[in-house]
1. Among the residues of region 92-126, write down those that are among the hydroxyl-bearing types (Ser, Thr, Tyr) and touching a Phe, Trp or Tyr at 6+ places or on another chain (Cβ under 7 Å).
2. What's the number of the condition Asp217 fails, among (1) loosely packed, with under 15 Cβ neighbours inside 10 Å; (2) of a type outside the set (S, T, N, Q); (3) modelled with pLDDT of 90 or more; (4) within 23 Å of the chain's Cα centre (by Cα)?
3. Just for region 105-120: of the residues that are crowded, with 21+ Cβ neighbours inside 10 Å and polar (S, T, N, Q), which one is farthest from Gly23 (Cα to Cα)?
4. Modelled with pLDDT under 95 and aliphatic (A, V, I, L, M): does that describe Ala93?
5. Could you identify the single residue in Lys188, Lys131 that is charged (D, E, K, R), surrounded by fewer than 17 Cβ atoms within 10 Å (Cβ to Cβ), free of Cβ contacts under 8 Å to residues at least 40 places away in the same chain and not in a helix (DSSP H, G or I)?
6. Can you run down the residue pairs with Cβ atoms below 9 Å, 6 or more apart or on separate chains, where the first is in region 193-218 and basic (Lys, Arg) and the partner is at pLDDT below 85?
7. So for region 24-44 (the condition being on the phi > 0 side of the Ramachandran plot and part of a loop (DSSP other than H, G, I, E, B)), does at least one residue qualify?
8. Taking Phe181, is it crowded, with 17+ Cβ neighbours inside 10 Å, aromatic (Phe, Trp, Tyr), under 26 Å from Ile108 (Cα atoms) and in contact (Cβ under 8 Å) with a residue 24 or more places away in the chain?
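The values are calculated or read from the model by the stated rules, or taken from the named source; none is laboratory data. These figures come from a predicted structure and were not determined experimentally. Here the Cβ is made from the backbone with ideal geometry for all residues, glycine too, and neighbour counts use every protein chain on show.
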Amino acid sequence: MGEILNSMLFQSKADQYVLGRPGYPQEVFDLIASVVPPSENIRIADIGSGTGIFSEELLKRNYETDCVEASEAMRRKAEAGLCHYGGFHSVGAQAEDTGLPDNSLDLITVASAFHWFNTPKFLAECQRILKKDGWVFIVTNARPYNDEFTKAHHEICKRFCPSFTGANHGAEYVESVLSDFFTAGYTKKIIPHDLVYTNEQFLSRCISSSFSPNPGDAGYPAYCDELKELISRFSADGKILVHNQTAVWFGRIRRI
């Protein structure tokens, strides 16, 4: 039930997600290709694929990719944007029960979604669908708290978003469970990746967050007003610079 509720959080946010969500540095995809080079025999699954931001970079590199997403609204956005890629396959399913065949995948990627999964159940599913020597890559964008803009944004979220815990997008949770998930060991890589948004994109990025109030909620107008005031304070030439780094954890898992 928890996994289903998590997928529902983004049902009303798909449009803002497309407008405001950032991409990932090319170094991530270079790293993936160095570990699992694309070829006609390689099949991967991008699990929790959302609107396809991460998936598209995999498809550009000619990976045959199952894009697994539970939210219908998010999945429809991905289908509209990625259907022209021959290797694109849309899968409507939970991360913990993908319905993909046993021993069928060379690689599983999870971008900014791992913290939503039931970790023991997802581990069991990875053990089922990965080939014996398959790999898992977990990726997330995380904001270091080393500048006044990030600190001010954090305070706004604390005031208006009851479920807000921080701007690191699940990185702390990933770190806390890695030793139980990557049972055969893992490697961690941090890639500096500052993000530049237009003012409108940054507002959309904020509204697309799962913890953000929705239109119609009591606190929504005041939340948006505070965000706009923050943007006006820190914007330069209509753009916002967000200090960011991309964390990558990758390794193999022992089969059951």
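1. Once the filter is applied, which keeps residues that are among the hydroxyl-bearing types (Ser, Thr, Tyr) and touching a Phe, Trp or Tyr at 6+ places or on another chain (Cβ under 7 Å), region 92-126 yields Thr109, Thr119.
2. (4)
3. Thr109
4. no
5. Selected residue: Lys131, the only one of Lys188, Lys131 that is charged (D, E, K, R), surrounded by fewer than 17 Cβ atoms within 10 Å (Cβ to Cβ), free of Cβ contacts under 8 Å to residues at least 40 places away in the same chain and not in a helix (DSSP H, G or I).
6. Arg205/Gln16; Arg205/Tyr17; Arg205/Leu19; Arg205/Gly20; Arg205/Arg21; Arg205/Pro22
7. no
8. It is true that Phe181 is crowded, with 17+ Cβ neighbours inside 10 Å, aromatic (Phe, Trp, Tyr), under 26 Å from Ile108 (Cα atoms) and in contact (Cβ under 8 Å) with a residue 24 or more places away in the chain.
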